[in-house]
Amino acid sequence: MNTLVNTLKIGPAGHAMSSLEGASDALVGRAAQHSRAALVMARDAGEPAASSTETFAGLRALAKPQSLRVAIKVRGKILFINLGDVVAVQAKGKCVSLRQNASSYLLRESISVVAERLESHGFIRIHRSVLVNASFVEEIWPLSTGEYCLRVKGGKEYTVTRTYKKNLQSLAEFWIGTGAFFPS
């Protein structure tokens, strides 16, 4: 197991950022530049400008980072890992473990701070000590205790406690036939 003693530094693909705010600003700036360039090219070519709906959809596509990278300190070196490869984050005492399929990295950070930073990147909290990457979730099912069981790619199963079961609804943009599955 690799050990890390630093905080998360997230940025758009290929760029290490000192803060999450810097990464967001960079993405918004890049999307705005592309949008302005597209409008100028359409005007110069004599084409009608795109509707606001089309422009918004294009901006959303541009604003989504292809592969966010996390800079972590391991044995005196900076290691870059793709955030999309992290399956789960699990609290270990005063630290958290970023778990990939084959390896894990230890961060000296609280699970609450990591949860806040990773929420906008597809991670959901399912337990007071566990976050999962929503893109790795394959299946959930209710347990008789009122909790849920969640299975991620690779077969690992996690318990979703009653406190965090409402977060399961963010796993999909819409649900079909789930009226009785998530009672209010």
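The values are calculated or read from the model by the stated rules, or taken from the named source; none is laboratory data. This one's a predicted model, so the numbers in the text were calculated from it and none came from an experiment. A quick note on method: Cβ atoms are made from the backbone with ideal geometry, for glycine too, and the neighbour counts reach across all protein chains shown.
A few comments on the model shown:
- Every residue from the stretch 110-155 that is basic (Lys, Arg) and closer than 14 Å to Leu98 by Cβ: Arg117
- Within the stretch 57-78, considering residues that are among the small types (Gly, Ala, Ser) and touching a strand residue (DSSP E or B) at 6+ places or on another chain (Cβ under 8 Å), the one modelled with the highest pLDDT: Ala71
- Scanning the stretch 125-148 for residues that are loosely packed, with under 14 Cβ neighbours inside 10 Å and assigned to a strand (DSSP E or B) yields Glu138, Glu139, Trp141.
- Matching entry among Gly154, Gly177, Gly122 (being at positive phi and surrounded by 17 or more Cβ atoms within 10 Å (Cβ to Cβ)): Gly122
- Considering the stretch 105-119, and only residues there that are of a type outside the set (Lys, Arg) and either part of a loop (DSSP other than H, G, I, E, B) or surrounded by fewer than 14 Cβ atoms within 10 Å (Cβ to Cβ) (or both), the residue that is modelled with the lowest pLDDT turns out to be Glu109.
- Hey, Gly154 assigned to a loop (DSSP other than H, G, I, E, B), more than 18 Å from the chain's Cα centre (by Cα) and closer than 30 Å to Val74 by Cα or not: yes
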